1. Counting each DSSP H run of 4 or more residues in the chain as -39500 (n - 2.57), what helix-only mean residue ellipticity at 222 nm follows after dividing by all residues, to the nearest 500 deg cm²/dmol?
2. Which percent of the accessible area of segment 38-90 is formed by carbon and sulfur heavy atoms (probe 1.4 angstrom)?
3. For q values of 0.11, 0.14 Å⁻¹, compute log₁₀ I(q)/I(0) with the Debye formula on a Cα-only model of the chain, without solvent.
4. Residues in segment 129-149, backbone N under 12 Å from the label point at Asn200 (7 Å along the Cα-to-beta-carbon vector): list them, ranges by number please.
5. With each pseudo-label sitting 7 Å past Cα toward Cβ, what's the Glu186-Ala364 distance in nm, one decimal?
6. Taking Rh as the Kirkwood radius computed over C-alpha pairs, what is the Stokes-Einstein D of segment 1-51 at 4 °C in a medium of viscosity 1.567 mPa s, expressed in µm² per second?
7. If only Cα atoms are counted, what is the Rg of segment 60-166, and what is its Dmax, in Å?
8. Output ³J(HN,Hα) for segment 229-236: one whole-Hz value per residue in order, computed from phi by the Karplus curve 6.51 cos²θ - 1.76 cosθ + 1.60 with θ = phi - 60°, and x for Gly and Pro.
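The values are calculated or read from the model by the stated rules, or taken from the named source; none is laboratory data. Please read all numbers here as calculations on a predicted model, not as lab measurements. Please note: Cβ atoms are built from the backbone with ideal geometry, for glycine as well, and neighbour counts cover all protein chains shown. We work out accessible area using only protein heavy atoms, side chains counted, and drop any ligands, DNA or RNA first. Shrake-Rupley method; radii C 1.70, N 1.55, O 1.52, S 1.80 Å.
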Amino acid sequence: MNFDFSDDQKLLKEQVRKFLADKCPMKVVRRVLDGNETHADEVWKGLVELGVPGVGIPEGYGGLGLSPLELCVVAEEIGRAAAPVPFDSSVVLATEALKLAGSEAQKKKWLPLLAEGKAIGTLAVAEGPQPPKPRNISTTFGAGRLNGKKVPVADGEAASFAIVLTKNALVLVDLAQKAVSRRRVETIDPARKHCELTFNDASAELLGADGEGWRLLERLYDAAAVYFAFAQVGGAEAAMYMARDYALQRQAFGRAIGSYQAIKHKLADCYVKLELARSNAYYGAMMLADGGADLAVAAAAARIAATEAYDFAAKENIQTHGGMGFTWEFDCHLHYRRAKLTGLMLGSARRWKDLLIARLEARAA
């Protein structure tokens, strides 16, 4: 059994990595974090030219028609660069939701625009800080009209359309209408802008069948968890190497701090968690690409391992830098912010651990 990527997939990964290393250094992440722009537009346009938004879109809708494995390797490089672009919102969540539940008319309208970079999509689920559950979702849809409020919504200001969870359905709403208002909200990672979306009798249409919203969301999250895991693996590796590089050049008592056993232990622990996360992510990618029956368990395991690996590496990166790691001038906090944000975007690690236990119990039964 071969868990490795093909030569073509590795070439795609290398192309995206080189592009991001050249066009999206940490100073670009910091610029978006400090500024008012919704995302790094020049980086996003470059990714569009590389065909990234169309990687997972079928050729019949203007995409490249590649497999989930190609999208996984791209996600890893986006995460490595902590790129301030709407990749996870648009390329992963919105695009995959359309592919999963969209009607033929919806696919023909939006997928070509997504593939060409002429539209950005997002997913609007939460209605505040509490985990979204049927009992605390108040957004309603009826007679073609959407009413309610969603917050926080990633890339909501830049998005052309949103896929919105209501009490019992997913609906698609064009955000370019007066019945939709947007207000920016603060999060732990301002490099990934979020907003509050308010719908006041906004025109919308069902995505999938009425009453199927939560089931479709769970299927979407299982696929997205694998892609997010790759992004988190990329980020964890970047944070680990940032710590290693500093440990090799920082001198204390006449020698590099990386020569001290305490620092070696930190980096070794980062590496162990990283490789565990990578293994789980690879298995999740295989299940996703093959439509394996074990996807639900594999996705949860990948999500948990990758969330913990990125969070741990980001923290240890700060600790390895010592007092300087806590300052604004050093880049350590950029990965720490991204680790915290991505660790919550599909639900917390605790939620996924509960899911994993429930799914393992169901499989055993």
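1. The helix contribution divided over the chain gives -17500 deg cm²/dmol.
2. 56
3. The Cα Debye sum returns log10 ratios of -0.73, -1.19.
4. 148
5. Distance between label points: 4.6 nm.
6. So the translational diffusion coefficient is about 103 µm²/s.
7. Taking only Cα atoms of segment 60-166, I get Rg and Dmax of 14.9, 44 Å.
8. 4, 5, 4, 5, 4, x, x, 4
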